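Trainee: Would you mind keeping the following structure in view while I ask a few things?
The values are calculated or read from the model by the stated rules, or taken from the named source; none is laboratory data. Computed from a predicted structure; not experimentally measured. All Cβ positions, glycine included, derive from the backbone under ideal geometry; neighbour counts span all protein chains shown. Accessible surface is based on the protein model in full, side chains and every heavy atom, while ligands, DNA and RNA are left aside. Shrake-Rupley method; radii C 1.70, N 1.55, O 1.52, S 1.80 Å.
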Amino acid sequence: DQAYEILIASKSSELARILVSPKRSPPANNFVRAAGSNQILSTDTDFLSVLGLYAESDRLDYKVFADLRVMPAEVAKVTRIAAAGAKGADILLVKKEGSDPAEWRFDSDIGPAADTEKVNAYLSDITRLFANDALDPAGTDNGFDENRVWLSLTESKDGKSAEYRLLLGSRSAGSVRLKSLPENRVFEAAEAGVDSLLGRDKASFAPPASS
């Protein structure tokens, strides 16, 4: 009989091996048994839906478990944003040191004021950008220019700084390839989502003109 096998283990040993039937009993209970046992139990928890399996014909997809978030930085911890802006005009935004609530400024922490609400919204959009798939970093057809960073976020946490960088690669069929550093992860993301972040310039973060 067909079954999904779930292995539960610690770092050093196997704790349990459970077989789950693709068939369900109403309303959404699973038939399970321990490997090596003939005793079949009906659960009150739907293990299969947790695995992204809703029909008997469904198959496991690694994307259910994969971390496809492109930029793992924490919005509240980011202190510096450097981006290749629209029309070649690069953008540098720096959080004013010691500001609470956060104040963002152009070029340095004593530079002209930026619209903090707009900057925070941009950061949220960046950190909530999810890819459609993860690709082999060793691929040779991804089209990355290692010397051209599209986006860089500096995060300060627990007294230490970390920089996350994002490179733009080739495009095809509505998708664009991205490389996240220093993790060296390569993603394929929807072109529309990426382009909505690309089309920014300094004016995108300027505070409203005073009347």
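Trainee: With respect to Leu123, determine if the residue is surrounded by 12 or more Cβ atoms within 10 Å (Cβ to Cβ) and under 22 Å from Ala209 (Cβ atoms). Spell out the reasoning first.
Mentor: Values: surrounded by 12 or more Cβ atoms within 10 Å (Cβ to Cβ): yes; under 22 Å from Ala209 (Cβ atoms): no.
No.
Trainee: Among (1) open to solvent by 80 Å² or more (accessible area, probe 1.4 Å); (2) in a strand (DSSP E or B); (3) closer than 27 Å to Ala192 by Cβ; (4) hydroxyl-bearing (Ser, Thr, Tyr), where does Ser161 come up short?
Mentor: All conditions pass for Ser161, except number (3).
Trainee: Further, regarding this structure: Select, from Leu167, Leu151, Leu181, the only residue that is touching a residue at least 40 places away in the same chain (Cβ under 8 Å) and either in contact with a strand residue (DSSP E or B) (Cβ under 8 Å, 6 or more places away or on another chain) or surrounded by 12 or more Cβ atoms within 10 Å (Cβ to Cβ) (or both).
Mentor: On the way: Leu167 fails: touching a residue at least 40 places away in the same chain (Cβ under 8 Å); Leu181 fails: touching a residue at least 40 places away in the same chain (Cβ under 8 Å).
None of the others qualify; the one that does is Leu151.
Trainee: Would you please name the residue that is nearest to Thr140 (Cα to Cα), looking only at residues in the stretch 173-196 that are part of a strand (DSSP E or B) and touching a helix residue (DSSP H, G or I) at 6+ places or on another chain (Cβ under 9 Å)?
Mentor: Residues of the stretch 173-196 that are part of a strand (DSSP E or B), as a first pass: 175-181, 185-190.
Narrowing further to those that are touching a helix residue (DSSP H, G or I) at 6+ places or on another chain (Cβ under 9 Å): 175-176, 178.
Values: Ser175: 17, Val176: 15, Leu178: 13 Å.
Looking at the filtered set, the residue picked out is Leu178.
Trainee: Continuing with this model, one more query. Considering only the stretch 138-148, state which residues are open to solvent by 60 Å² or more (accessible area, probe 1.4 Å) and in contact (Cβ under 8 Å) with a residue 24 or more places away in the chain.
Mentor: Quick first cut of the stretch 138-148, residues open to solvent by 60 Å² or more (accessible area, probe 1.4 Å) only: 138, 140-141, 145-148.
Selection gives Asp141, Arg148.
Trainee: Among the residues of the stretch 48-68, is there at least one that is buried (at least 16 other Cβ atoms within 10 Å of the Cβ), out of contact with any Ser or Thr (no Cβ under 6 Å at 6 or more places or on another chain) and over 25 Å from Ala190 (Cα atoms)?
Mentor: Yes, there is a match, as at least one residue in the stretch 48-68 is buried (at least 16 other Cβ atoms within 10 Å of the Cβ), out of contact with any Ser or Thr (no Cβ under 6 Å at 6 or more places or on another chain) and over 25 Å from Ala190 (Cα atoms).
Trainee: Scan the stretch 20-39 for residues that are in a loop (DSSP other than H, G, I, E, B) and either open to solvent by 40 Å² or more (accessible area, probe 1.4 Å) or more than 19 Å from Ile8 (Cα to Cα) (or both) and report the count. Full working, then the answer.
Mentor: Start the filter on the stretch 20-39 by keeping residues that are in a loop (DSSP other than H, G, I, E, B), which leaves 26-28, 35-39.
Narrowing further to those that are either open to solvent by 40 Å² or more (accessible area, probe 1.4 Å) or more than 19 Å from Ile8 (Cα to Cα) (or both): 26-28, 35-36, 38-39.
Residues meeting the conditions: 7.
Trainee: A further question follows. Looking only at the stretch 69-96, filter to residues that are free of Cβ contacts under 8 Å to residues at least 60 places away in the same chain and in a helix (DSSP H, G or I); which one of those is least open to solvent (accessible area, probe 1.4 Å)?
Mentor: Step one: of the stretch 69-96, the residues free of Cβ contacts under 8 Å to residues at least 60 places away in the same chain are 75-76, 88, 90, 92, 94-96.
Restricting the remaining residues to those that are in a helix (DSSP H, G or I) gives 75-76, 88.
On the way: Val75: 46, Ala76: 83, Gly88: 61 Å².
In this case the residue turns out to be Val75.
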